[in-house]
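K.L.:
Dumping the structure here so I can ask a few things about it.
Values quoted throughout were computed directly from the atomic coordinates according to the rules given, and no laboratory measurement underlies them. Note that this is a predicted model, so its numbers are computed, not measured. Here the Cβ positions follow ideal geometry from the backbone for every residue, glycine too, while neighbour counts run over all protein chains shown.
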Amino acid sequence: MNTISMDAADRISQLPEHIIHHILFLLSTPEVVRLSVLSKAWHQVFTFFPISEFSSSSFLVENSDRSSEFATFVYNSLLRQCRQYRSIPKFQFSVTDRYFRTSFFTFQQPLQPHLAKHINLCIRLGTQMGVKELSIYFCVPDYYRLPEATLSVKELVVCRLAGCILDGTINWPSLRELSLKQVKICDQRIFDNLVFTCPFIEKFALVECAGLKYLHLSGLRKLKKVKVKRQSYPLMEKIEIDVDSLHTFSYSPFYFEKTHVDLTSCKTLEVFKFKGCTERFRKHLKNLNQIKRVTLCIFRYSSSGIERIVSKVSDPVLHITHLKLKTYIIEKKGHSLVDDLFSICRPDSLLLVSGRGTNDEFMKILCKKLVRRVEHKQYYCGGYHLNGWQHDLKGVQIELCGRNGYRKVVTCDAFLDSLRTLEPKETIRFEFEWSFNSLP
């Protein structure tokens with residue numbers, strides 16, 4: 001917007017109001033404010049334009065504290081909109097400490113009282129106008145305590161909170177999507193009450209939150225997606241999801257946690273995404289027999305991890321049809337990882353993205369094993385053993401999918417020759433054909 005001349009801006013101001021508003025929605029709040037001072041026409045447009053996204057980063061000036069100016073701007077803007085509109089469908093409010101630092105913060109130091117007061121007024125005003133989509137993000141040394149009025153918004157459909165405290169009775173009966181990131185939940189009963197009073201939730205994310213030892217989701221008949229990422233104390237002891245409608249579950253455990261995950265009641269669960277080490281993943285494999293799509297992000301690998309779980313599942317070959325993989329392991333572990341993964345599943349397809357972690361090295365190892373299988377097929381003709389997957393494999397096709405939309409099918413030898421020339425973020429899909437005896 002800095003390159004638009006006064007004359008050009010005035011010509012744009014002659015467009016129909018709905019087109020101008022569409023243009024303004026594509027701009028950031030500071031850019032909209034700068035336009036408002038170009039002329040009386042633009043100021044008039046700004047007066048009737050509903051601003052719904054507010055970020056303290058927009059008021060960043062080096063070595064200058066503009067926190068009060070930011071809070072005043074938000075309050076005046078919301079006050080103007082309250083006078084003009086019956087409701088504000090969307091409200092996004094973001095505050096980070098680097099823009100409000102008048103002195104060095106100490107750990108757990110709250111916002112300055114006058115600033116907290118201004119922010120509370122802004123959030124109360126923003127949520128009392130029938131808001132349907134609410135996003136509140138705080139990145140400050142202490143958690144931000146939400147005003148009580150925010151906990152009871154009957155029209156709320158989408159709620160995203162970060163850096164806040166959940167404390168009090170929550171009433172969001174229309175809620176469909178809930179995302180909690182780095183949120184402190186003061187009491188287990190508060191969360192249980194939240195689940196009870198929001199029966200129509202379809203998407204739920206719990207990311208790096210503190211205060212819960214037990215996550216139990218039940219009675220949510222419309223729940224489709226759940227994401228849990230752990231990275232804080234106290235350690236979570238159990239995750240239990242008793243929802244028939246659940247389709248996708250994503251889980252990233254805290255390194256020290258030994259959380260029991262119970263998904264046995266999720267009969268329609270088809271997609272499982274796991275980020276961690278195989279020592280954690282193997283504990284959940286017994287719940288994956290009905291899952292068709294699995295995404296694994298493996299950071300640390302133990303060659304004995306998968307072997308120990310194979311004997312614990314009802315069928316040693318899991319019914320996984322599509323496997324997406326991202327690896328971060330040392331080269332000498334790659335050979336065992338290839339063999340062990342195919343010892344527990346016979347996926348129809350395996351998808352990797354070039355340039356991600358150690359994916360390129362993993363694909364190199366896999367292709368070499370596929371080439372050796374053809375060259376020395378007689379070596380793998382014995383009974384079932386760790387490398388039995390090579391005996392069960394009838395054929396493989398490798399498809400390269402570039403970012404520009406091109407697709408190319410290559411042989412294993414050709415793929416090995418082209419590994420060095422692969423561009424980052426190319427999608428490589430291995431399509432496998434297995435013998436009848438290997439099918440579950």
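K.L.:
Beyond a 21 Å Cα-Cα separation, which of these cross-linked pairs lie in this structure: LYS213/LYS324; LYS132/LYS203; LYS326/LYS369?
P.N.:
Pairs exceeding 21 Å: LYS213/LYS324.
K.L.:
Shifting gears a bit: List the pairs from LYS224/LYS408; LYS90/LYS181; LYS181/LYS222 whose alpha-carbon separation is above 27 Å, in the order I gave them. Let's see the in-between values first.
P.N.:
Details: LYS224/LYS408 35 Å; LYS90/LYS181 19 Å; LYS181/LYS222 22 Å.
The answer is LYS224/LYS408.
K.L.:
Which entries in the list LYS238/LYS364; LYS368/LYS425; LYS258/LYS332 go over 32 Å, if you measure between the two C-alpha atoms of each?
P.N.:
Exceeds cut-off: LYS238/LYS364.
K.L.:
Could you calculate the FRET efficiency of HIS335 with GLU375 from 1/(1 + (r/R0)^6), where r is the beta carbon distance between them and R0 is 25 Å, rounded to 0.05?
P.N.:
The formula returns an efficiency of 0.90 here.
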